[in-house]
Each structure stands twice: as structure tokens, then as C-alpha cells.
């Protein structure tokens, strides 16, 4: 649990597609965040509003859909290259926050894995 005291959850579906040295894993899902979680991260209290100049804002609960694609490529017997991309459509209770200036998000991650 984090400082928000809120509840989050996720439902997703993914299906690995294995090829010789490459595995692609498309996914689709939705995150749930309750009011406490969203208000902690996206809300603006009265005192925060006075200090920052942002409008006061109280966020409700939300459902956040996403689609993603992960790839794992075997470089050697023990070394793998990993990459993933996730596109998320921000729900109204998040994107209406005065701290947020967009309707969606895109994350790209890369890395290497060494298998012992």
C-alpha cells in the first residue's frame, strides 16, 4: 500500500506468440483506481491550490484502458533483449486534473536480461 491509502486493481489479457528467437506478447487491459488513490495523485487541495496557483480539484474513481506489446529477443543462450510499449487513454477523473495536460500516455521501456 502507498501513501494514498487507496485501492488499485488490474484486469488484463495477454497472449505470447513464440517464434524461433523472438516472443511477442500483445496485451489489453484496464486499471481501476479508487477515489482515494486518484485524489492523492491528481487532486489539488485548498492549501496546494493557494501555494501553486492551480485550481482546487477532487478526483473520483476511474477505469483506465490500455493496449500494449512486449517483445523478448534471445541474443545468446543467456542474454535477452526486452522491449515493451503501452498506450493508455486517461480517464476523465485523471485528465481533468489541473496537473495533467494530455488525454493519453505512451510508455516505451527497454532492457537486457541475463539468465543464470
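General remarks:
- For region 44-116, the average shadow cast by the Cα convex hull is 7.2 nm², which is a quarter of the hull's surface.
- Listed from fewest to most Cβ neighbours within 10 Å, the set 33, 47, 4 follows the order 47, 4, 33.
- Relative pair counts by distance (%), Cα atoms of region 1-57, 10 Å bins: 20, 26, 23, 16, 11, 3
- Separation between Cα centres of region 79-113 and region 1-49, rounded to whole Å: 10
- Computed over the chain, the per-residue total of -39500 (n - 2.57) for DSSP H runs of n ≥ 4 gives a 222 nm mean residue ellipticity of -4000 deg cm²/dmol, rounded to 500.
- Residues 23, 58 arranged by fewest to most Cβ contacts within 10 Å: 58, 23
- Residues 30, 44, 94, ranked from the fewest to the most other C-beta atoms within 10 Å, line up as 30, 44, 94.
- Using a Förster distance of 25 Å, the FRET efficiency for residue 55-residue 106 (Cβ separation, nearest 0.05): 0.40
Laboratory data are not the source of any read-out in this text; all were calculated from the coordinates shown. Being a predicted model, the structure only gives us computed values, none of them experimental. Reconstructed Cβ throughout: ideal geometry from the backbone, glycine too, with neighbour counts over all protein chains shown.
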